[in-house]
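J.: Following this message is one structure expressed as structure tokens.
The values are calculated or read from the model by the stated rules, or taken from the named source; none is laboratory data. Remember, predicted model here, so these are calculated numbers, not experimental data. Heads up, the Cβs are rebuilt from the backbone with ideal geometry, glycines too, and the neighbour counts pull from every protein chain shown. Note: areas computed on protein heavy atoms with side chains; ligands, DNA, RNA excluded. Shrake-Rupley method; radii C 1.70, N 1.55, O 1.52, S 1.80 Å.
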Amino acid sequence: MVPRVREVARRARGTGGPDGRPGAARSGARQGPRTPPGESDVRACGTMEYVTRIVIIGGGPGGYEAALVAASLGAEVTVVDCDGLGGASVLTDCVPSKTLIATAEVMTTFDSSYEELGIIVEDDTPHVDRPARVVGVDLGKVNRRVKRLALAQSHDITASVTRAGGRVMRGRGRLEPGQAPDGSRKVTVTAADGTSEGLIADAVLIATGAHPREIPDALPDGERILNWTQVYDLDELPEELIVVGSGVTGAEFAGAYQALGSRVTLVSSRDRVLPGEDPDAAAVLEDVFRRRGMNVMSRSRAQSAKRVGDRVEVTLADGRMISGTHCLMAVGSIPNTEGIGLEAAGVKLTDSGHIWTDKVSRTSAQGVYAAGDCTGVFALASVAAMQGRIAMYHFLGDAVTPLNLKTVSANVFTDPEIATVGYSQADVDSGRIDARVVKLPLLRNPRAKMQGIRDGFVKLFCRPGTGIVVGGVVVSPRASELIHPISIAVDNNLTVEQIANAFTVYPSLSGSIAEVARQLHTRKAASE
């Protein structure tokens, strides 16, 4: 769709346009987007200028990254957000949880390797049966740091958007039904004090994210029964933590709190933890969890959770009851798509309440795009950001590559981490793709031996005829860093021969990637 370029008269003091849009013609405002082919490239005439108006509802990664792109292409951008730029990803989800996990990671590394590596720590509180733990944690201090870093990141993002020329409005946005004859749409912004303001937009991006799903008989109280946005208010480490849900969020928090010193019970309704991940990787992680003392309850569906004094009782569907001092509910999320006028405006929702989008982030309503967790495409900050950028590139007439989920790299921040990209083991097993697979345990890696790393592996998938790398899995410390060369290979259709012939540092964990590629190349050559 070719964006409409609108003529706006600039006021003498440069504070707004004649239609009352705040900042529409600020002094020093950017010029309009690049002119579509075949149209005159008129940027200004006397006191007149051309701008395209973009309104973004939601300030998470999909929203603020879209704002930066739109501003750089000369559009007039307004971001409407009620909590702070960065959204749940920065304020209550990704940044806080990974900051907490960073502390837990240090604890795990020390606890699991200090004896083997010969580290001596003086401890004057020995126990005849069980040695006292030599390292502890001040959870209140950890959580204060978590919140401080999250707010700092949000402020940095806000500063970046405003420096780029965007406007940030605090409030809740609602998309009004219908389009004006010129194709523009209206967004009503309601502030916390009840006042409202109308914004006219040539394009609207919905990036409202999602919130934790709740079980009616296990509603969080913010003290003993918690969702993942509330755990950062704890001042003391839970003595006995029950984590309900064994997906990515549940597994990450279960591993983190176990490392921090809690006795953790992980309740999983499926046969194994991380049912959506590579089965070999999930098996490694579950074995690590159990070996470190976690009580992993497979095929156990939680039905209710209630407070009993200073404890929480969780009742399972089969009638069993487990008790702990705290309970964390990690049972999925619900898109924030209700009450913002989407269906009335012609935006199609799926049965789950997510916004339907195509590969360039368009919704079913003309001039309305969507990005992030509210679309249900892939609940990753990196994907949300890419969806938002693609939306703006597309609407503003810049070059754009449609979203390709087979090049997305993802990571589970447990210990060890699990990183994946491209086609999966399930794709190979189901016949969706014909690929050769080689898995190499990290136990054979010299750097892993030096660091006392026993758990993990590198797995690569390649096409049998060409040797093109189509996917990979890394299970190791810092797998989120090691997956990058595999992501480059998948994105650029590199072959196992090219990966095998690239130099690696010796000794290094990345050497295992080259070794797996060599084995795949050897098998390919032997089969020819």
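J.: Hey, what angle do you get for helix 94-113 against the long axis of the chain, alpha-carbon based, 0 to 90 degrees rounded to 10?
T.: 20 degrees
J.: I want the local charge near Met329. Using Cβ-Cβ distances under 12 Å, sum +1 for each Lys or Arg and -1 for each Asp or Glu among the other residues.
T.: Its environment carries a net charge of -1.
J.: Further, regarding this structure: Give, as a single signed number, the net charge of other residues whose beta carbon lies under 10 Å from the beta carbon of Gln425, with Lys and Arg counted +1 and Asp and Glu -1.
T.: Here the charged neighbours net out to -3.
J.: Can you check what the net charge comes to around Pro279, using other residues whose Cβ is under 13 Å from the Cβ of Pro279 (Lys, Arg +1; Asp, Glu -1)?
T.: Combined, the nearby Lys, Arg, Asp and Glu give -4.
J.: By how many degrees, 0 to 90 and rounded to 10, does the Cα axis of helix 279-291 deviate from the longest principal axis of the chain?
T.: Value to nearest ten degrees: 60.
J.: What spacing in nm lies between the two simple spin-label points modelled at Gln498 and Ser382, each 7 Å away from Cα in the Cβ direction?
T.: Modelled inter-label distance: 1.8 nm.
J.: In addition: When the gyration tensor of region 145-201 is built from Cα positions, what are the square roots of 5 times its three eigenvalues, in whole Å, from largest to smallest?
T.: Details: eigenvalues 175, 45, 16 Å².
Values for region 145-201, descending: 30, 15, 9 Å.
J.: How do 259-265, 104-110, 307-313 rank on mean C-beta neighbours within 10 Å, highest first?
T.: Ranked from most to least packed, the peptides come out as 259-265, 104-110, 307-313.
J.: ³J(HN,Hα) across region 494-509 via Karplus (A = 6.51, B = -1.76, C = 1.60, θ = phi - 60°), whole Hz, x for Gly/Pro?
T.: Once rounded to whole Hz, the list reads 6, 9, 5, 5, 5, 5, 5, 7, 7, 5, 10, 6, 10, x, 7, 5.
J.: Relative contact order for region 425-528: what is it in percent, counting Cα pairs under 8 Å that are at least 6 residues apart?
T.: The normalised contact order for region 425-528 reaches 26 percent.
J.: If you take the beta carbon distance between Arg444 and Arg292 as r and set R0 to 22 Å, what does 1/(1 + (r/R0)^6) give as a FRET efficiency, to the nearest 0.05?
T.: Once the sixth-power term is evaluated, E becomes 0.45.
J.: Can you work out the accessible area per residue across the chain, with the rest of the protein chains kept in place, probe 1.4 Å, in square angstrom?
T.: Using a 1.4 Å probe on heavy atoms only, each residue of the chain averages 47 Å².
J.: Here is a follow-up. Give, in nm to one decimal, the length gained when the segment between Phe110 and Asp358 is fully stretched (0.36 nm per residue of separation minus the Cα-Cα distance).
T.: Residue separation times 0.36 nm, minus the Cα-Cα distance, leaves 84.6 nm.
J.: For helix 381-395, report the angle its Cα long axis makes with the longest principal axis of the Cα atoms of the chain; keep it between 0 and 90° and round to the nearest 10°.
T.: 20 degrees
J.: Based on C-alpha coordinates, I'd like the Rg and Dmax of the chain, in Å.
T.: 25.9, 88
J.: If you don't mind, there's one more thing I want to ask. In percent, what relative contact order does the chain have, based on Cα pairs under 8 Å that are 6 or more apart in sequence?
T.: 13 percent
J.: Excluding same-chain residues fewer than 8 positions from Lys141, which lysines have a Cα within less than 29 Å of its Cα?
T.: Lys98, Lys306
J.: Thr522 versus Glu197, label points 7 Å from Cα toward the beta carbon: distance in nm?
T.: 6.7 nm
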